[in-house]
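Peer 1: Let me give you the structure first, and then I'll get to my questions.
The values are calculated or read from the model by the stated rules, or taken from the named source; none is laboratory data. Note that the structure is predicted; figures quoted are calculated from it, not measured. Note that each Cβ is placed from the backbone with ideal geometry, even for glycine, and that neighbours are counted across all protein chains shown. The accessibility values were calculated without ligands, DNA or RNA, using every heavy atom of the protein model including side chains. Shrake-Rupley method; radii C 1.70, N 1.55, O 1.52, S 1.80 Å.
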Amino acid sequence: MKKKRIDARTITLMSLLIALMVVFTRFISFETQFLRISLTFIPESLMGILFGPFWTGIGSAVADTVGMMLFPKGPYFPGFTLNAFISGAIYGFFYYKKELTWKRVFTATLLVTVLIHLFLTPLWLGLMYGVNLSNIAWWIPRILKNIIFFPIQVVATYYLGNKVPYKQLLNKSLANFK
Ligand code: FOL
């Protein structure tokens, strides 16, 4: 098997997706001190499909760090960089060079939802802001957000992986360089 070379084209596409992640996280999102709702999973999943777990983990962590440096919202906390790396790696692991079936998209989304959104993020917010995590009232908006968001993310990712002719788009734009 030919090893994938990191060329200028890869770097350019990765940079574009990282920029989209920054925009989706910092600008086109709803955020309170304790809850953020964003569509960052779209460029992140696309990166997972195209570049695999390692590069998507790195790209997501870079997007978090650069995004916080350029447009800080609250104090920088490294736990969220770890979240970005893990979620990117999960999308890459499930989506790279694989057919995006309903089951596959459902499983990846469930894993990110439970591990990142319902376990690690509450842990980091608890450490950062001294939230009492045994307070059920604190969990209600987070749980509601995830129940509502889960099917939206599954359907959007399935569509992204199966209906968007990004391969043709890619080939076409690549052809322009020749
Ligand atoms: N530190 C770093 N490194 N990155 C950040 O983005 C960051 N953000 C805050 C503070 N320190 C940071 C601001 N506070 C969520 C809520 C508040 C918040 C950070 C994250 C949150 O609910 N995140 C969810 C959803 C993310 C999404 O949908 O994009 C999560 O599960 O990570």
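Peer 1: Which three numbers, in whole Å and largest first, are the semi-axes of the equivalent ellipsoid of the range 28-83 derived from its Cα gyration tensor as √(5λ)?
Peer 2: Working through the eigenvalues yields semi-axes of 21, 14, 9 Å.
Peer 1: Right, here's the next one. Relative contact order for the range 8-172: what is it in percent, counting Cα pairs under 8 Å that are at least 6 residues apart?
Peer 2: Over the range 8-172, the number comes to 23 percent.
Peer 1: Write down the accessible area per residue of the chain in Å², having rolled a 1.4 Å probe over the full set of protein chains.
Peer 2: 59 Å²
Peer 1: Also, I was wondering about something else. Please report, as a whole percent, how much of the solvent-accessible surface of the chain comes from carbon and sulfur atoms (probe radius 1.4 Å).
Peer 2: 72 percent
Peer 1: While we're on this one: If we count every other residue with Cβ under 13 angstrom of GLY67's Cβ, Lys/Arg +1 and Asp/Glu -1, where does the sum land?
Peer 2: Once all neighbours under 13 Å are counted, the net charge is 0.
Peer 1: Also, quick follow-up: In Å, what Rg and Dmax follow from the Cα atoms of the chain?
Peer 2: 16.8, 60
Peer 1: As a check on your grasp of the helix formula, calculate [θ] at 222 nm for the chain: sum -39500 (n - 2.57) over DSSP H runs of n ≥ 4, divide by the residue count, round to the nearest 500.
Peer 2: About -23500 deg cm²/dmol.
Peer 1: Pick from TYR95, TYR129, TYR76 the residue whose mean-square fluctuation is largest in a GNM of the chain, springs joining Cα atoms under 10 Å.
Peer 2: The residue with the greatest mean-square fluctuation here is TYR129.
Peer 1: Additional query: Residue separation times 0.36 nm, minus the C-alpha to C-alpha distance between SER29 and ASP7: what's the value? Could the numbers behind the result be given before it?
Peer 2: Values: separation 22, 0.36 × 22 = 7.92 nm, distance 3.19 nm.
Once the chain is fully extended between SER29 and ASP7, it gains 4.7 nm.
Peer 1: To the nearest 20 debye, what charge dipole does the chain have about its Cα centre, counting +1 at the Cβ of each Lys and Arg and -1 at the Cβ of each Asp and Glu? Mind showing how you got there, number by number?
Peer 2: Details: 18 positive and 5 negative charges, 157 e Å.
Magnitude of the dipole: close to 760 debye.
Peer 1: If we count every other residue with Cβ under 11 angstrom of LEU118's Cβ, Lys/Arg +1 and Asp/Glu -1, where does the sum land?
Peer 2: Summing Lys and Arg as +1 and Asp and Glu as -1 gives +2.
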